[in-house]
Amino acid sequence: MQNKNEKQNIRNLSQEQLTGFFSKHGSKPFKGKQVWEWLWKKYVLDFDKMTNLSIDERNLLKKNFFIKPAKINSYKIAKDKTIKVAFILQDHQMVEGVLIPAKNRITACISSQVGCAYGCSFCATGQMGFFRNLSYSEIYDQVILLTGLSHEKYNTGLSNIVLMGMGEPLANYDNVLKAINLICNKKALAMSPSRITLSTVGLVRGINKLAQDKVKFNLAVSLHTANDKKRNYLMPVNKNNKLADLAESLKNFYNTTKNPITIEYLLIENFNDSLEDAIELAKFCKKFSAKINIIEYNIVDNVPFKKPSTKKIEKFIESLEKYNLVVNIRKSMGSDVNAACGQLAVKTASK
Ligand code: SF4
C-alpha cells in the first residue's frame, strides 16, 4: 500500500486527476490543465520551469510528486545513418530504439517492454528473457527523445513510428494504447494514427481486441512462415496462436477497422525460402487484405540462420507476385551497429 507521504509519479495522473488535485489544495482547477500541457505537450519535466504556476503551486507539486523520465544513455550511428539508441529508465533498466532515415521520411522504431517473453528463435531480444512492461510515459518518452535526436542529426522530425523494437506490444496492451493515444492527441503530439504501425508476433486475442477497440493505426504481423510446424519451431507463440486462428483475427481486424495490414516475412536460407513456402504464404495472405514485406535476415549472435542468395530472394518474390499480392523487399538498415530487425538486445550502443 502506498505511504500517504510518499511522492507519486505525476505522469500517472490524468488531466482530470491533476485538476482535482489543484481544487483539493485550494488552487484554480485550470492549473491542472496547464500542468498537463507542460508534461505532455511542451515536454517540460521540471516543476521550476512551469512558469505559469506560482512559486507556491510549484512547491506544492514538488512536495507531492516526482518526474523521472527515460533518458538517452548512448547512441551509435551506422554507415547508412541509421541511429541505434539505448534509453535508460528510472529503475536503471535499458531498452533500445532506432531512428531510420529514408528518402522522404524518418521512422522511429520504439520498444514496448524490457526484454521479451516470447523467445522467437531468430531474435536477440527473445534471448534476453522478459523483465517488465514499459509504462505509457516510458513509451512516450522514447518518441520525444527520438524526435529531438532526429532534429539534431537529420534537421527534421519524425514522420512515422513503428512499435517494432524490444518486446511484444500486445502483451502490454493498455500502456501501449495509452501511449499511442497521447502521441495522437491533438493537445499533445498530434501525430496522425495512419503514421503509426504496431507490430505483433500474432497474439490472436490482442488483435481481436484492437478490432473491438476500433483503433486507427496500422498493424504488422511478424509471420515468417505460413506453416504451423515450422512456425512452432521458429516462434513458440504459434503453439497457442495457430495460423488458422491468426488469419481469422486478421480478417476481423481488417473488416472492422479497414486499416492496412502488413505481413512481415524474414527470409531464412533453406528454412522458409522454397517455392512451397511461397505458395503457403500466398494462400495465407489471400484470406484477408494485406501487403507483404520481405525482410533480409540479419546475423544475430548464437543463432544458426543465414540470409538466402539474392537470386533465391528474387525467385521467392516472383512466385508471390503470381498471386497478385503486393510484395516489398525491406533492406536491412543499421546492421553494422546491431540496429536491424531482430538485433536489439541492449549491448553495444555508445555515444
Ligand atoms: S521477435 Fe518480437 S516477440 Fe519475438 S522474441 Fe523478439 S521481441 Fe519478442
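No value in this document is a laboratory result; all are computed from the given coordinates. Keep in mind that what you see is a predicted model, and the values were worked out from it rather than measured. Neighbour counts run over all protein chains shown; Cβ positions are idealised from the backbone, glycine included.
With +1 on each Lys and Arg Cβ and -1 on each Asp and Glu Cβ, how big is the dipole of the chain about its Cα centre, in debye rounded to the nearest 20?
780
So what's the back-of-envelope 222 nm ellipticity for the chain, counting only DSSP H runs of four-plus at -39500 (n - 2.57) apiece and dividing by all residues, rounded to 500?
After summing the helix terms and dividing by the residues of the chain, the value is -10500 deg cm²/dmol.
To the nearest 0.05, how large is the calculated FRET efficiency for Phe131 and Arg330 if R₀ is 41 Å and r is the Cβ-Cβ distance?
Values: r = 28 Å, r/R0 = 0.69.
So the FRET efficiency works out to roughly 0.90.
Round to the nearest 0.05 the FRET efficiency obtained for Arg205 and Ala102 when R0 = 35 Å and r is the Cβ-Cβ distance.
0.55
Which listed residue (Trp40, Asn155, Leu134) has the Cα farthest towards the positive end of the charge dipole for the stretch 1-159, taking +1 on Lys and Arg C-beta and -1 on Asp and Glu C-beta about the Cα centre?
Asn155
Using Cα positions and a limit of under 14 Å, work out the aspartates and glutamates in reach of Lys41, with same-chain residues fewer than 8 apart set aside.
Partners found: Asp141.
Can you tell me the relative contact order of the stretch 176-272? Whole percent, Cα pairs under 8 Å, sequence separation 6 or more.
Details: 118 pairs, mean separation 29.3, N = 97.
Relative contact order here is 30 percent.
Suppose every Lys and Arg Cβ carries +1 and every Asp and Glu Cβ carries -1, with no other charges. What dipole size does the stretch 8-66 come out with about its Cα centre, to the nearest 20 debye? Working shown, then result.
Values: 11 positive and 6 negative charges, 8 e Å.
It comes to approximately 40 debye.
Evaluate the charge dipole of the stretch 92-251 about its Cα centre and quote only its size in Debye, nearest 20, assuming +1 on the Cβ of each Lys and Arg and -1 on the Cβ of each Asp and Glu.
440
Looking at the stretch 53-110, which trypsin sites (Lys or Arg not before Pro) are in a loop (DSSP not H, G, I, E or B) and have at most 10 other Cβ atoms within 10 Å? It would help to have the intermediate numbers written out before the result.
Details: sites: Arg58, Lys62, Lys63, Lys71, Lys76, Lys79, Lys81, Lys84, Lys103, Arg105; in loops: Lys79, Lys81, Lys103, Arg105.
Qualifying residues, ordered by number: Lys79, Lys103.
Just tell me the longest site-free run in the chain, where the sites are GluC sites (Glu not before Pro) in a DSSP loop having at most 16 other beta-carbon atoms within 10 Å.
Values: sites that count: Glu6, Glu269.
Value returned for the longest uninterrupted segment is 7-268.
Choose one of Leu203, Ile72, Ser289: the residue whose Cα lies farthest towards the positive end of the charge dipole of the stretch 71-337 (beta-carbon charges +1 Lys, Arg; -1 Asp, Glu; about the Cα centre).
After comparing all options, I get Ser289.
How far apart, in nm, are two points set 7 Å out from the Cα along the Cα-to-Cβ line at His151 and at Gln93?
For the pair His151/Gln93, the computed spacing is 2.9 nm.
Where both partners of a DSSP beta bridge lie in the chain, what percent of those bridges are antiparallel, to the nearest 5?
Just about 40 percent of them are antiparallel.
Roughly speaking, what is the stretch gain from Tyr323 to Ile279, that is 0.36 nm per residue apart minus the C-alpha to C-alpha distance, in nm to one decimal?
Residue separation times 0.36 nm, minus the Cα-Cα distance, leaves 15.0 nm.
How high is the relative contact order of the stretch 8-66? Use alpha-carbon pairs under 8 Å, at least six apart in sequence, and give a whole percent. Walk me through the numbers on the way to the answer.
Working: 48 pairs, mean separation 19.4, N = 59.
Reported relative contact order: 33 percent.
Give me the number: length gained by fully extending Lys286 to Lys49, i.e. 0.36 nm times residue separation minus the C-alpha to C-alpha distance, one decimal in nm.
In short, 79.8 nm is gained.
PRE reach from Asn185 (point 7 Å along Cα→Cβ): which of the stretch 29-55 fall under 16 Å by backbone N?
The answer is 30-45.
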